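**Q** Got a structure for you, written out below as structure tokens; questions coming shortly.
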Amino acid sequence: MSCPPDLIDCCGNLASEALADTEADATARLFKALGDPARVKIVNLLAQTDRAVCACDFMPALGLAQATVSHHLKRLTDVGLLEREQRGKWAYFSLNPEASSRLESLVRIPEVVR
């Protein structure tokens, strides 16, 4: 099975009885994309607003250079967590609502009964 452009669509819930190899790989790649503090901060900043945010606004918020911010935004967009909209010379980013819901469902693990 090959994954669609949004990697998150291939991920499997961690509480599933058994993950297929493709689901485990896609889920690991998603968590790898979130495995950088700057990317977690980007998702956090976007989760606090209902509007698209200009790439230029992340530079002062993260204290990172434009090239580094662009790299992090691309990684999050590539896995399907962010949506990108070009407005003139600047790109604006927002959380992909379907991907946010999917991410939440991936990590929802029912209470373990012993």
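The values are calculated or read from the model by the stated rules, or taken from the named source; none is laboratory data. All values derive from a computational prediction rather than experimental measurement. So basically every Cβ, Gly included, is an ideal-geometry build from the backbone, and we count neighbours across all protein chains shown. When the accessible area is computed, the model is the full protein with side chains, heavy atoms only, and any ligands, DNA or RNA have been set aside. Shrake-Rupley method; radii C 1.70, N 1.55, O 1.52, S 1.80 Å.
**Q** Restricted to segment 85-114, and to residues that are outside any strand (DSSP E or B) and of a type in the set (S, T, N, Q), which residue is modelled with the highest pLDDT?
**A** 96
**Q** All but one of (1) open to solvent by 20 Å² or more (accessible area, probe 1.4 Å); (2) small (Gly, Ala, Ser); (3) under 30 Å from residue 17 (Cα atoms) hold for residue 65; state the number of the condition that does not hold.
**A** Of the numbered conditions (1) open to solvent by 20 Å² or more (accessible area, probe 1.4 Å); (2) small (Gly, Ala, Ser); (3) under 30 Å from residue 17 (Cα atoms), the odd one out for residue 65 is (3).
**Q** Go through the residues of segment 55-76 one by one and say whether even a single one is touching a strand residue (DSSP E or B) at 6+ places or on another chain (Cβ under 6 Å), on the phi < 0 side of the Ramachandran plot, not in a helix (DSSP H, G or I) and not charged (D, E, K, R).
**A** No; the residues of segment 55-76 include none that is touching a strand residue (DSSP E or B) at 6+ places or on another chain (Cβ under 6 Å), on the phi < 0 side of the Ramachandran plot, not in a helix (DSSP H, G or I) and not charged (D, E, K, R).
**Q** So, in segment 1-50, exactly how many residues are at pLDDT 75 or above, surrounded by 12 or more Cβ atoms within 10 Å (Cβ to Cβ) and over 13 Å from the mean Cα position of the chain (by Cα)?
**A** Here the count works out to 6.
**Q** How many of the residues making up segment 17-42 are part of a helix (DSSP H, G or I) and without any contact (Cβ under 8 Å) to a residue 60 or more places away in the chain?
**A** Final tally of qualifying residues: 17.
**Q** Here's another thing I want to ask about it. Evaluate the following for residue 79: is it under 26 Å from residue 28 (Cα atoms), among the hydrophobic types (A, V, I, L, M, F, W, C) and surrounded by fewer than 17 Cβ atoms within 10 Å (Cβ to Cβ)?
**A** Considered against the rule, which asks whether it is under 26 Å from residue 28 (Cα atoms), among the hydrophobic types (A, V, I, L, M, F, W, C) and surrounded by fewer than 17 Cβ atoms within 10 Å (Cβ to Cβ), residue 79 comes out as no.
**Q** Would a scan of segment 97-110 turn up a residue that is among the basic types (Lys, Arg), over 19 Å from residue 61 (Cβ atoms) and in contact with a helix residue (DSSP H, G or I) (Cβ under 9 Å, 6 or more places away or on another chain)?
**A** Scanning segment 97-110, I find at least one residue that is among the basic types (Lys, Arg), over 19 Å from residue 61 (Cβ atoms) and in contact with a helix residue (DSSP H, G or I) (Cβ under 9 Å, 6 or more places away or on another chain), so the answer is yes.
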